[in-house]
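Before any comments, here is the structure.
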Amino acid sequence: MLVSTKEMLRDAQARHYAVGAFNVENLEFVMAVIRAAEAKKSPVIMQTTPGTLKYAGLEYFVSMVRTAAQKASVPVALHLDHGDSFDRCMQAMRAGYTSVMIDGSHVCFEDNIALTASVTKVAQAIGLPVEAELGKVGGKEDDGPAVEGENPYTDPDEAVEFVERTGCTSLAVGVGTAHGVYKGIPHIEQGVLKEIRSRLDIPLVLHGTSGVPDDQVAEAIQNGICKVNYATELRQAFMAGFMEYMAAHPDCFDPKKPAAPGMVNIQKVVEDHMDNLGSTNRA
Ligand code: 13P
Ligand code: ZN
Ligand code: NA
């Protein structure tokens, strides 16, 4: 069934686990993620960035994820990831997305508040949840600018004021993670997270989680993270399976053939994360 992230994240928060939010790029990603969720009896969030939507458009993803959700025995949500404007968020909600993120982390505090509040005002009226971001997740997400040389951590005082003034229903925090592939081993500042958690009671969201060791993610969940985003690992898993098949069968011209081991790889990555997030058997 297709549901909103509101109930999902509320349950995750109450029972101290997290729901995985997996970025899907095409039909094969949608099928692989839903297979993992069914196999693990886990709630699941599928999400798309503006870059992915530039590739295929909102309507294709709504149709694919709705179809997957209708057939599934687990709750499925469809979320706009890193929404880059008021208009984009409105378009996603109208098209059938069950929640949106408005990412104002690249503009100043006051502008972030104004942008986020403009989205929550409409979303509240139609009963949909809104994720916002305060602080910086490093690296380069999608087509966005890379962030370097600034303090990336979310300020707990600012976080309280931000949530009060915007009415966002979940918050992506800067606690040391970065989008894409890490150069060294990442380090989540659990102290910052604990401080934010002690002051705020809405679900917190972890971005840039590909490449973060499982034990750090598990600890972050104990410290208030309820939604955990994975994109890069799924891309790598799919392409590794695809390329391996093509290396062994260079004359193949049926795209379904290399896609099959790509999907198997994604399913494995997603299933392993569901176990670590604690969302297995929660559906
Ligand atoms: P990764 O690509 O590092 O997994 O980040 C995913 C993400 O934060 C999507 O919003
Ligand atoms: Zn992100
Ligand atoms: Na990452």
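If I ask for residues that are open to solvent by 20 Å² or more (accessible area, probe 1.4 Å), within 16 Å of ligand 3 (Cβ to nearest atom) and small (Gly, Ala, Ser), which ones from the range 226-283 would you list? Answer for the range 226-283, where residues must be open to solvent by 20 Å² or more (accessible area, probe 1.4 Å), within 16 Å of ligand 3 (Cβ to nearest atom) and small (Gly, Ala, Ser): just ALA231.
Scanning the range 32-51 finds one or more residues that are among the hydroxyl-bearing types (Ser, Thr, Tyr), at pLDDT 95 or above and outside any loop (DSSP other than H, G, I, E, B). Taking residues in the range 243-255 that are within 15 Å of GLU28 (Cβ to Cβ), and partners anywhere that are in a loop (DSSP other than H, G, I, E, B) and at pLDDT below 95, not one pair has Cβ atoms closer than 6 Å while being at least 6 places apart or on different chains.
Any residue at all in the range 34-47 that is free of Cβ contacts under 8 Å to residues at least 60 places away in the same chain, more than 14 Å from LEU277 (Cα to Cα) and not aliphatic (A, V, I, L, M)? Looking through the range 34-47, at least one residue is free of Cβ contacts under 8 Å to residues at least 60 places away in the same chain, more than 14 Å from LEU277 (Cα to Cα) and not aliphatic (A, V, I, L, M).
When GLY135, GLY149, GLY127, GLY139 are checked against the criterion of being modelled with pLDDT under 95 and surrounded by fewer than 17 Cβ atoms within 10 Å (Cβ to Cβ), a single residue qualifies: GLY149. Taking every residue in the range 150-175 that is closer than 14 Å to CYS226 by Cβ and among the hydrophobic types (A, V, I, L, M, F, W, C) and pairing it with any residue that is part of a loop (DSSP other than H, G, I, E, B) and at pLDDT below 95, at least 6 positions away or on another chain, the pairs with Cβ-Cβ distances below 6 Å are VAL173/GLY135. Within the range 171-202, the set of residues being out of contact with any Ser or Thr (no Cβ under 8 Å at 6 or more places or on another chain), part of a loop (DSSP other than H, G, I, E, B) and open to solvent by 20 Å² or more (accessible area, probe 1.4 Å) comprises GLY176, TYR182, LYS183, GLY184, ILE185, HIS187, GLU189, ASP201. Restricting attention to the range 203-215, the residues that are in a helix (DSSP H, G or I) and open to solvent by less than 20 Å² (accessible area, probe 1.4 Å) total 0. With respect to being surrounded by 17 or more Cβ atoms within 10 Å (Cβ to Cβ), within 26 Å of GLY167 (Cβ to Cβ) and over 16 Å from the mean Cα position of the chain (by Cα), ARG35 falls outside the description.
The values are calculated or read from the model by the stated rules, or taken from the named source; none is laboratory data. Here the structure is a predicted model, which is why all the values come from computation and not from measurement. As a convention, Cβ positions derive from the backbone with ideal geometry for all residues, glycine included, and neighbour counts pool all protein chains shown. To get the accessible areas, we keep the full protein, side chains included, count just its heavy atoms, and leave off ligands, DNA and RNA. Shrake-Rupley method; radii C 1.70, N 1.55, O 1.52, S 1.80 Å.
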